[in-house]
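Engineer: The structure under discussion is supplied below as structure tokens; questions concerning it will follow.
The values are calculated or read from the model by the stated rules, or taken from the named source; none is laboratory data. Since we're looking at a predicted model, the values are computed, not measured. Backbone-built Cβ (ideal geometry, glycine too); neighbour counts: all protein chains shown.
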Amino acid sequence: MQTTFSGRKQGFLNDFGGGSEPSETPIQTAAREFVEETETMFLESREFLFASDLGLPFCTEERVKAQTKVMTDLMEESICKHPTWRCSRAQRVGRSKKDWDTFFVEVYHRDVEPMNVLWANDKLGVFRKRRMLHWVEGKQLLGFYQSQPERLWKRVRELECADVVIASILKESGRSVQ
């Protein structure tokens, strides 16, 4: 998950997302948005992050395209194995229903601190938006839904049955829900 330091989402835990490009599937959109919003850093090697020159742009079109393919493959593998690991956003009163899917994906654990340090120390404006990544375990996310929903960005709170899906993921993976 992520938090931003400005704008309406400031301070809330938020997922990654945005609008679809023409001819993108929901999975391709989610994969691309994840790659773009992590500035192509999440899928890079740790050595690359430490050796990188902050004067160079991270999020190039070529890097986004290559990493979107990697993330799309991870997402398709997760959805194939676990088709129920997704939620739609509930319709808001007085507004038309928008197609909005959130996917829960199996990815390797990654220390996000080096990425957060790069964002925090960016004095040259290399990155599009300053943000902070948070590695949130399933049990912790379930706890937010159950007892601290105000910590979550409103669109994350609007996901239909997110707590049920997360509890199912924890149970399926052999982790205690309590």
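Engineer: Can you work out which of the residues in segment 2-25 that are in contact with an Asp or Glu (Cβ under 6 Å, 6 or more places away or on another chain) and buried (at least 17 other Cβ atoms within 10 Å of the Cβ) is modelled with the lowest pLDDT?
Structural biologist: If we take residues in segment 2-25 being in contact with an Asp or Glu (Cβ under 6 Å, 6 or more places away or on another chain) and buried (at least 17 other Cβ atoms within 10 Å of the Cβ), then 17 is modelled with the lowest pLDDT.
Engineer: Something else now. Output yes when any residue across segment 87-110 is over 24 Å from residue 162 (Cβ atoms) and either hydroxyl-bearing (Ser, Thr, Tyr) or modelled with pLDDT of 90 or more (or both), and no when none is.
Structural biologist: Looking through segment 87-110, none of the residues is over 24 Å from residue 162 (Cβ atoms) and either hydroxyl-bearing (Ser, Thr, Tyr) or modelled with pLDDT of 90 or more (or both).
Engineer: Give segment 157-166 a look and list any residue that's in contact with a strand residue (DSSP E or B) (Cβ under 6 Å, 6 or more places away or on another chain) and more than 12 Å from residue 86 (Cα to Cα), or say none.
Structural biologist: Answer for segment 157-166, where residues must be in contact with a strand residue (DSSP E or B) (Cβ under 6 Å, 6 or more places away or on another chain) and more than 12 Å from residue 86 (Cα to Cα): just 158.
Engineer: From the list 168, 173, 147, pick out the single residue that is polar (S, T, N, Q) and in contact (Cβ under 8 Å) with a residue 40 or more places away in the chain.
Structural biologist: Among 168, 173, 147, only 168 is polar (S, T, N, Q) and in contact (Cβ under 8 Å) with a residue 40 or more places away in the chain.
Engineer: Do we find that residue 133 is among the hydrophobic types (A, V, I, L, M, F, W, C), at pLDDT 90 or above and over 13 Å from the mean Cα position of the chain (by Cα) in this structure?
Structural biologist: no
Engineer: A further question follows. Kindly provide the set of residues from segment 77-126 that are of a type in the set (A, V, I, L, M), in contact (Cβ under 8 Å) with a residue 60 or more places away in the chain and more than 25 Å from residue 45 (Cβ to Cβ), ordered by number.
Structural biologist: 90
Engineer: Being of a type in the set (Ser, Thr, Tyr), at pLDDT below 90 and either farther than 28 Å from residue 140 by Cα or assigned to a loop (DSSP other than H, G, I, E, B) (or both), is that true of even one residue in segment 51-74?
Structural biologist: Within segment 51-74 (the criterion being of a type in the set (Ser, Thr, Tyr), at pLDDT below 90 and either farther than 28 Å from residue 140 by Cα or assigned to a loop (DSSP other than H, G, I, E, B) (or both)), the answer is yes, since at least one residue qualifies.
Engineer: When you check residue 32 against the structure, is it of a type in the set (Lys, Arg), out of contact with any His (no Cβ under 9 Å at 6 or more places or on another chain) and modelled with pLDDT under 90, yes or no?
Structural biologist: No: the conditions fail for residue 32.
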